[in-house]
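Some notes on the structure that comes next.
The values are calculated or read from the model by the stated rules, or taken from the named source; none is laboratory data. Every value quoted in this text rests on a predicted model; they were computed, and no experiment measured them. We place every Cβ from the backbone using ideal geometry, glycine too, and count neighbours over all the protein chains shown.
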Amino acid sequence: MKKLSLFILLLSLVSMINCRKSSPLSCTAFALEISDEASAWGDAATRFSNDPSPENCAAYKIAGQQYLNALKGYDSCAFTGQDRASYNASIKEAEESLNDLMC
């Protein structure tokens, strides 16, 4: 779980940095959107780490999926060609990791 959370955090940070360089107007909304979702997922991760109950696990998975869904809408923000394919593959891999988590 820590590995997945770290991966998503790094992905979002790289995305925000790249996005700010290319198009500040569209990326402002992107940064705000993923900030809210990342915060919600981080809170759910903390609760799940402190109390690995089935309810907290389910909340973690839901928050994670919501974060990934938010990221999906911004694949064109700073990515083109192979970068976009890698971005989308990373999201898919993270979704698979979430789905593999047994609550």
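Please specify each residue of region 54-77 satisfying the condition of being in contact (Cβ under 8 Å) with a residue 24 or more places away in the chain and more than 16 Å from the chain's Cα centre (by Cα).
Pro54, Cys57, Ala58
Output the number of residues of region 43-88 satisfying the condition of being among the aliphatic types (A, V, I, L, M) and at pLDDT 90 or above.
So the answer is 7.
Using the structure shown, decide if Tyr67 is within 17 Å of Ile34 (Cα to Cα), out of contact with any Lys or Arg (no Cβ under 9 Å at 6 or more places or on another chain) and not in a helix (DSSP H, G or I).
No; evaluated as a whole, the condition is false for this residue.
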